[in-house]
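Trainee: I have a structure I would like to understand better, so I am pasting it below and will then ask my questions one at a time.
The values are calculated or read from the model by the stated rules, or taken from the named source; none is laboratory data. Everything numeric here is computed off the predicted structure, so don't read it as measured data. Quick reminder, even Gly has a Cβ in these numbers, built from the backbone with ideal geometry, and neighbours come from all protein chains shown.
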Amino acid sequence: ISLDEAGESSCSNEATMYLRAPAPKNVAVRLNNDKTDTISLQWMLVPKVEGYIIKRATGSPNSAYFSIGILYDSSATNFDDSSFKFGVTYYYTVTSIDKAGDADESPAVSICPRSYAPTNLVIIYEQTNNLVALQWKPVVNGNGYIVKRAAGSLNDTFFIIDKINDPAITTSKDISFVFGTKYYYVVASFDELGESNQSDSVSVVCPRAPAPADPRCSYTENADNCIVLQWKPVLNSKGYFVKRAHITNSSGVMGR
């Protein structure tokens with residue numbers, strides 16, 4: 001409307017404008033594995049919005065972004081993403097929602113979370129099953145685990161004795177040990193980019209070999225003309241001593 005000496009003019013055509021919500025600022029991303037394995041996003045509050053849309057891309061910041069969360073909460077300033085894999089680079093944006101819908105989008109932030117060392121590693125020797133059993137806390141978003149063993153001392157070389165290609169399996173069994181030897185074990189997780197740091201080591205001293213069971217002897221009347229001794233094998237032992245006595249409960253070494 002304009003004004004002149006005679007008063008107001010007629011009205012102009014209407015013009016409308018939507019004042020859109022700005023993009024969230026100071027978006028930050030980090031790996032949060034102190035409680036659960038999640039990627040945590042945080043941003044500054046945008047006043048007078050309806051909520052936020054969180055989008056994610058992989059590969060590069062120019063890849064297609066897909067919505068992984070919608071928060072209809074004007075006071076929200078954080079979001080946790082648990083559907084990821086270690087060793088993969090992820091890009092995130094946060095978009096404000098106002099009464100007209102999607103508003104401005106934040107610049108992308110990125111993170112490449114790496115798999116970490118398993119914790120709570122425990123070890124026991126199962127005498128009944130004649131094996132060493134290991135167990136640890138899972139690294140959920142990894143690809144699996146690598147179990148290593150050293151004999152003698154922590155300064156000796158650790159060799160891989162098991163590789164597990166399933167992050168849900170958190171146990172391993174070792175049957176390839178020698179009685180009377182001290183062994184050290186560590187476990188590492190692995191992801192798309194390789195192996196994590198190793199866990200704290202645990203050790204076990206395998207007990208002395210048990211006596212061979214079910215010994216039997218027989219006399220062969222052939223060219224050898226000898227007494228044949230047989231017994232059940234003792235797995236993981238280094239060998240056997242054979243002793244002979246002339247009377248019961250006497251002792252003597254006959255062979256090795």
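Trainee: Going by the structure shown, is Asn155 in a strand (DSSP E or B) and not small (Gly, Ala, Ser)? Walk me through it before giving the result.
Mentor: Working: in a strand (DSSP E or B): no; not small (Gly, Ala, Ser): yes.
No, not satisfied.
Trainee: Take Pro167 and tell me if it is crowded, with 19+ Cβ neighbours inside 10 Å and not aromatic (Phe, Trp, Tyr).
Mentor: Values: crowded, with 19+ Cβ neighbours inside 10 Å: yes; not aromatic (Phe, Trp, Tyr): yes.
Yes: the conditions hold for Pro167.
Trainee: Right, next: Among the candidates Asp156, Asp104, single out the residue that is farther than 30 Å from Ile53 by Cβ and modelled with pLDDT under 95. Reasoning before the result, please.
Mentor: Numbers: Asp104 fails: farther than 30 Å from Ile53 by Cβ.
Within the list Asp156, Asp104, the selection yields Asp156.
Trainee: Can I ask one more? Condition (residue is at pLDDT below 90 and not assigned by TED's automatic domain parsing to the domain that holds Pro167) applied to the stretch 90-98: is it met by at least one residue?
Mentor: Here is the first cut: in the stretch 90-98, the residues at pLDDT below 90 are 98.
Remaining after also requiring not assigned by TED's automatic domain parsing to the domain that holds Pro167: 98.
For the stretch 90-98, residues at pLDDT below 90 and not assigned by TED's automatic domain parsing to the domain that holds Pro167: present.
Trainee: Name, by its number, the condition in (1) touching a residue at least 60 places away in the same chain (Cβ under 8 Å); (2) part of a strand (DSSP E or B) that does not hold for Ala117.
Mentor: Condition not satisfied by Ala117: (2).
Trainee: Let me ask something else. So is Lys182 crowded, with 18+ Cβ neighbours inside 10 Å and closer than 18 Å to Val204 by Cβ or not? Write out each step before concluding.
Mentor: Numbers: crowded, with 18+ Cβ neighbours inside 10 Å: no; closer than 18 Å to Val204 by Cβ: yes.
It is false that Lys182 is crowded, with 18+ Cβ neighbours inside 10 Å and closer than 18 Å to Val204 by Cβ.
Trainee: What's the number of the only condition in (1) outside any loop (DSSP other than H, G, I, E, B); (2) crowded, with 16+ Cβ neighbours inside 10 Å; (3) touching a residue at least 40 places away in the same chain (Cβ under 8 Å) that Arg56 fails to meet?
Mentor: Only one criterion in (1) outside any loop (DSSP other than H, G, I, E, B); (2) crowded, with 16+ Cβ neighbours inside 10 Å; (3) touching a residue at least 40 places away in the same chain (Cβ under 8 Å) is unmet by Arg56, namely (3).
Trainee: A further question follows. Restricted to the stretch 113-140, and to residues that are more than 30 Å from Ala28 (Cβ to Cβ) and in contact with a Pro (Cβ under 8 Å, 6 or more places away or on another chain), which residue is surrounded by the fewest Cβ atoms within 10 Å (Cβ to Cβ)?
Mentor: Gln127
Trainee: Show the residue pairs meeting these rules: Cβ distance below 8 Å; 6+ apart or different chains; first residue within the stretch 205-230 and over 30 Å from Leu134 (Cβ atoms) and not assigned by TED's automatic domain parsing to the domain that holds Thr181; second residue at pLDDT 75 or above and small (Gly, Ala, Ser).
Mentor: Going by the 8 Å Cβ cut-off, the qualifying pairs are Ile227/Ser218; Val228/Ser218; Gln230/Ser218.
Trainee: Moving to a separate point now. Ile68 - would you say it is farther than 13 Å from Glu105 by Cα, of a type in the set (A, V, I, L, M), modelled with pLDDT of 95 or more and assigned to a strand (DSSP E or B)? Walk me through how you get there before you give the answer.
Mentor: Working: farther than 13 Å from Glu105 by Cα: yes; of a type in the set (A, V, I, L, M): yes; modelled with pLDDT of 95 or more: yes; assigned to a strand (DSSP E or B): yes.
So Ile68 passes the test.
Trainee: Any idea which residue in the stretch 84-112 is surrounded by the fewest Cβ atoms within 10 Å (Cβ to Cβ), counting only those that are part of a strand (DSSP E or B) and among the hydroxyl-bearing types (Ser, Thr, Tyr)? Steps first, answer last, please.
Mentor: Keep residues of the stretch 84-112 that are part of a strand (DSSP E or B), which gives 90-98, 101-105, 109-111.
Filter once more, keeping what is among the hydroxyl-bearing types (Ser, Thr, Tyr): 90-93, 95-96, 110.
Working: Tyr90: 20, Tyr91: 19, Tyr92: 24, Thr93: 20, Thr95: 22, Ser96: 23, Ser110: 13.
The residue in question is Ser110.
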